[in-house]
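Written below as structure tokens is the structure these notes are about.
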């Protein structure tokens with residue numbers, strides 16, 4: 001499975017703001033859940049499938065968090081050509 005990954009030190013109530021050029025699944029996970037996700041196991045996350053942007057996800061607690069994006073498509077994926085997805089991930093710091 002191909003996905004975009006970014007790891008950040010975030011504080012409770014910070015907001016992760018994502019813009020994407022196409023629908024995608026966005027997951028905000030702690031390190032343990034990210035390891036499980038990466039290995040194809042069960043995991044929990046904040047976020048979900050988004051088709052309207054910007055997507056905003058509030059960080060539930062302080063610590064290291066993993067942000068992943070993977071594309072959602074109804075068409076068959078081309079074996080020879082990788083879809084081009086433009087995206088940006090910004091953090092709105094709400095800490096004191």
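The values are calculated or read from the model by the stated rules, or taken from the named source; none is laboratory data. Remember, predicted model here, so these are calculated numbers, not experimental data. When we count neighbours, we look across all protein chains shown, and the Cβ atoms used for this are built from the backbone with ideal geometry, even at glycine.
List of remarks:
- Residue within the stretch 71-81 that is at pLDDT 95 or above and either buried (at least 17 other Cβ atoms within 10 Å of the Cβ) or in contact with a strand residue (DSSP E or B) (Cβ under 9 Å, 6 or more places away or on another chain) (or both) present: no
- Test: residue in the stretch 50-61 that is free of Cβ contacts under 8 Å to residues at least 24 places away in the same chain and either part of a loop (DSSP other than H, G, I, E, B) or out of contact with any strand residue (DSSP E or B) (no Cβ under 8 Å at 6 or more places or on another chain) (or both): yes
Let's see how each residue does on (1) touching a strand residue (DSSP E or B) at 6+ places or on another chain (Cβ under 7 Å); (2) part of a loop (DSSP other than H, G, I, E, B); (3) under 13 Å from residue 65 (Cβ atoms); (4) modelled with pLDDT under 95:
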| site | (1), (2), (3), (4) |
| --- | --- |
| 7 | yes, no, yes, no |
| 12 | no, yes, yes, no |
| 16 | yes, no, yes, no |
| 19 | yes, no, no, no |
| 22 | yes, yes, no, yes |
| 27 | yes, no, yes, no |
| 32 | no, no, yes, no |
| 42 | no, yes, no, no |
| 47 | yes, no, yes, no |
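- Scanning the stretch 1-34 for residues that are touching a helix residue (DSSP H, G or I) at 6+ places or on another chain (Cβ under 9 Å), surrounded by fewer than 19 Cβ atoms within 10 Å (Cβ to Cβ) and without any contact (Cβ under 8 Å) to a residue 40 or more places away in the chain yields nothing.
- Output for the stretch 40-53, where each listed residue is more than 14 Å from residue 30 (Cβ to Cβ) and surrounded by 13 or more Cβ atoms within 10 Å (Cβ to Cβ): 50, 53
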